[in-house]
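See structure below.
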Amino acid sequence: MNTLTAAPSRALRRSHEVLPGFGLSLGYTLVYLGLILFIPLSALALKVMAGGWHGFAAVLGSPRVLASLKLTFGTAAIAAAVNAVFGFLTAWVLVRYRFPGRRILDAIVDLPFALPTAVSGIALTAIFAPEGTLGRFLAGIGWPVAYTPTGVTVAMVFIGLPFVVRTLQPAFEELASELGDAAASLGASPGQVMARIVLPLTLPSLITGFSLALARGIGEYGSIVFISGNLPFKTEITSLLIITRLEEFDYTGAAVIAVVMLTASFLLLFTINLLQKRSLKWLARREA
């Protein structure tokens, strides 16, 4: 009797497996992640531990390191916030309106994905340098962009915009236009429709796009090194400082900075993921 009841139970468990041979697939996945991700990160952590806590604190407490961390995370947060606003508007226009050249504009949004980051940096520097097309005008009114923290922010905005737009577009496409029409027919203004219907329903996607743009900005290197000028204590980003430490054969110092960046990025993404899950639960309760 037990055998008869156990057999259907095992068959039922097998029928719910997503992939055939799930155990083997999971084993391959763990091995692959171990080789590609866990082992390199473990080696990095061991390199940091070799210097001891005193060495870790000495590197992290360096004024140059602290200045680069402040610049990197500060400008990345500002750029992600700018992209959240203008990426939202761009995605809305591309999804909700039909106009000549829309497909071309939609393709241009992906340009930062396709361009090598060094090309992006050279192009931005050519435009915003003091002798550039826009840089000459901006410098003339007392607002220089190149070789300033503003230039770092501009580069991060450039490379982060596609993450927000491409994350929001599916959410807008799934959002029924009838909801807005029904609200408008009941007397809701366009601002009320946006604030009470569109924003709440697309908030999880907006948070995801913001977090992706923020993470990309924190780890960006190629598009920033040209326009920033790489001035220590002023426009030197943390990624460049790691390269500088490696060129100076200070491998422990480079590893310490890398671990700090890794830990901060992980905690940041983890927190944003928690906020995203809470927003999804709040949205589900609201729809119920």
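The values are calculated or read from the model by the stated rules, or taken from the named source; none is laboratory data. Computed from a predicted model, the values in this text were never measured in an experiment. No Cβ is skipped: glycine too gets one built from the backbone with ideal geometry, and neighbour counts run over all protein chains shown. Just the protein is used for accessible areas: all its heavy atoms, side chains included, with ligands, DNA and RNA removed. Shrake-Rupley method; radii C 1.70, N 1.55, O 1.52, S 1.80 Å.
Within the accessible area of the chain, what % is carbon and sulfur when the probe is 1.4 Å and the other protein chains stay in place?
71
Below 8 Å between Cα atoms, with a sequence gap of 6+, how large is the relative contact order for the stretch 67-159 in percent?
Averaging sequence separation for qualifying contacts and normalising by length gives 35 percent for the stretch 67-159.
If you plug each phi of the stretch 151-156 into the Karplus form 6.51 cos²θ - 1.76 cosθ + 1.60 with θ = phi - 60°, what whole-Hz ³J(HN,Hα) values come out, in order, with x for Gly and Pro?
Residue by residue, the stretch 151-156 yields x, 4, 5, 4, 5, 5 Hz.
Rolling a 1.4 Å sphere over the protein heavy atoms, what is the accessible area per residue of the stretch 31-162, to the nearest Å²?
Per residue, the stretch 31-162 has 57 Å² of solvent-accessible surface.
In deg cm²/dmol, rounded to 500, what helix-only [θ] at 222 nm does the chain give when every DSSP H run of at least 4 residues adds -39500 (n - 2.57) and the total is split over its residues?
-25500 deg cm²/dmol
Give a quick list of chymotrypsin sites (Phe, Trp or Tyr not before Pro) in the stretch 66-102 that DSSP marks as loop, anything other than H, G, I, E or B, with at most 10 other Cβ atoms within 10 Å.
Loop-located and lightly packed - Y97.
Which trypsin sites (Lys or Arg not before Pro) does the stretch 87-177 hold that lie in a coil by DSSP with at most 15 other beta carbons within 10 Å?
Working: sites: R96, R98, R102, R103, R136, R166; in loops: R98.
In loop regions of the stretch 87-177 (DSSP not H, G, I, E or B), the sparsely surrounded trypsin sites (Lys or Arg not before Pro) are R98.
Sort all Cα-Cα distances of the stretch 188-288 into consecutive 5 angstrom bins from zero, then give the percent of pairs in each bin up to the one containing the longest distance.
2, 11, 15, 15, 14, 10, 9, 8, 7, 5, 2, 1, 0
Using the Kirkwood radius built from alpha carbon pairs, what does the Stokes-Einstein equation give as D for the chain at 25 °C and 0.890 mPa s, in µm² per second?
Details: Rh = 22.5 Å.
This corresponds to a translational diffusion coefficient of 109 µm²/s.
Summarise the long-distance tail of P(r) for the stretch 68-110 by giving the % of C-alpha pairs beyond 17 Å.
46
With an 8 Å Cα cut-off and a minimum separation of 6 or more residues, compute the relative contact order for the chain in percent.
Answer for the chain is 27 percent.
Run through the stretch 208-288 and list the GluC sites (Glu not before Pro) located in a DSSP loop whose Cβ has at most 10 other Cβ atoms within 10 Å.
Counting only loop positions with at most 10 other Cβ atoms within 10 Å, the GluC sites (Glu not before Pro) in the stretch 208-288 are E248.
In Å and on Cα atoms, what radius of gyration and Dmax does the stretch 51-187 show?
Every Cα atom of the stretch 51-187 included, Rg and Dmax give 20.3, 68 Å.
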